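What follows is a set of notes on a single structure, which appears directly below.
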Amino acid sequence: MKREELIKKWLDHNLSTEEQEAFEQLEDYKDLIQMDVALKDFKAPDFAIDNNYESLESHLKSNASKRNQWSTPFLRIAAVLALGFSIYYYTTTLDSEFNTNIAQQTTIELPDASTVNLNSNSFITFNESNWIETREVKLNGEAFFKVAKGQKFDVITNDGTVSVLGTQFNVKQRDSYFEVTCYEGLVAVTHTDKTVKLTPGHTFRIIDGKLLANEKGNTTQPSWLRGESSFKSVPLKYVISEFENQYNLEIRTDNIDTTRLYTGSFTHKNLDLALQSITIPLNLSYSKTEESILLKRE
């Protein structure tokens, strides 16, 4: 692998074991590591990463074709300094990204000690280095937030923004489905320039563009943290979608109205029990193959 490619992958913290070994063999490896350490406490002004990296990359390519110039102390120091500043600017503006696969969950700690439980097939990003100035978490999927006392930040989704202050709440944003439930404290949900405040037990839900009223619940956390998905008057197509997020199987339907409303729950730990929990209340049956499930009318 080329030298500049190794350095760029190092900046991304994305070196494989073999690539790490090759990176450590670079003649200026120790200089790069020392510069990275020295710049960790450096306070940087606003900076355009793309332009700087393009300039650095051009410099690296020039040096690669003229390797003997690295023996000149002045040029060597100047190049390492340029790379060191680029490392700092690059790493301090880089977002932290976390995602889960189907049937996978994970827990993430935010820079303010708040925690996020990320449900399956979900994606979250935030900027750890710039957290004080930009308290934003971007979410695609579903997550349960437990906010540290006195802390405040916004959860941004494609369908709306959730503003919080010392609270516990769940956000679910998938295709044409947006739901926010408050479990503790106070949550403000902004959707299409309108803001609604939720107190514990209340839910804000929009399905297929329609705002739905919800009765007050009495649970203290979302059911998916206990290993099951629960629904109240939700179209079957969204129940099927969530089932596919928890089990690595495709569900097909045979002349079934997937807009029918479903109330109930299914477990994440037993496939047949989960299918029965969905099909029996709706008078449906199912058949299985290795890769898919067919729902049928009885």
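Net charge near residue 102, counting Lys/Arg +1 and Asp/Glu -1 over other residues with Cβ under 12 Å of its Cβ? So the environment of residue 102 carries a net charge of -3. Hey, any idea what % of the stretch 119-158's accessible area is carbon plus sulfur with a 1.4 Å probe? Looking at the stretch 119-158 in its full context, I get 41 percent from C and S.
With K and R counted +1 and D and E -1, the other residues having a Cβ less than 14 Å from that of residue 185 yield a net charge of +3.
Sorting the Cα pairs of the stretch 107-159 by distance into bins of 5 Å, from 0 upward, gives 5, 20, 34, 26, 12, 3 percent per bin. Over the stretch 160-205, accessible surface divided per residue gives 41 Å², non-protein components excluded, 1.4 Å probe.
Taking K and R as +1 and D and E as -1, what net charge do the other residues with C-beta under 14 Å from the C-beta of residue 233 add up to?
Working: positive: 205, 210, 232, 237, 260; negative: 179, 208, 215.
For residues surrounding residue 233, the net value is +2.
Pairs exceeding a 18 Å alpha-carbon distance, out of 138/172; 210/296; 138/232; 138/269; 146/194: 210/296; 138/232; 138/269; 146/194.
Projecting the Cα atoms of 270, 284, 241 onto the charge dipole of the stretch 233-298, computed from C-beta unit charges around the Cα centre, puts 284 farthest toward the positive end.
Carbon-plus-sulfur fraction of the accessible area of the stretch 180-298, 1.4 Å probe, in percent? Can you show the working numbers first?
On the way: 3070 of 6690 Å².
After summing per-atom areas, the C and S share lands at 46 percent.
Each residue of the stretch 288-297 was assigned a 3J(HN,Hα) from its phi angle through the Karplus expression (A = 6.51, B = -1.76, C = 1.60, θ = phi - 60°), giving 10, 10, 5, 10, 8, 10, 10, 8, 9, 7 Hz with x at Gly and Pro. Converting phi to 3J(HN,Hα) with the Karplus coefficients 6.51, -1.76 and 1.60 and the offset θ = phi - 60°, the stretch 226-235 yields 9, x, 8, 10, 10, 9, 9, 6, 10, x Hz in sequence order, with x at every glycine or proline. Here the peptides 114-120, 168-174 are ranked by packing, the mean other Cβ count within 10 Å, and the order with the highest first is 168-174, 114-120.
The values are calculated or read from the model by the stated rules, or taken from the named source; none is laboratory data. Small disclaimer: the values here were computed from a predicted structure and weren't measured. Here Cβ is always computed from backbone atoms with ideal geometry, including for glycine, and neighbour counts include all displayed protein chains. Please note that ligands, DNA and RNA were not included when accessible areas were found on the heavy atoms of the full protein model with its side chains. Shrake-Rupley method; radii C 1.70, N 1.55, O 1.52, S 1.80 Å.
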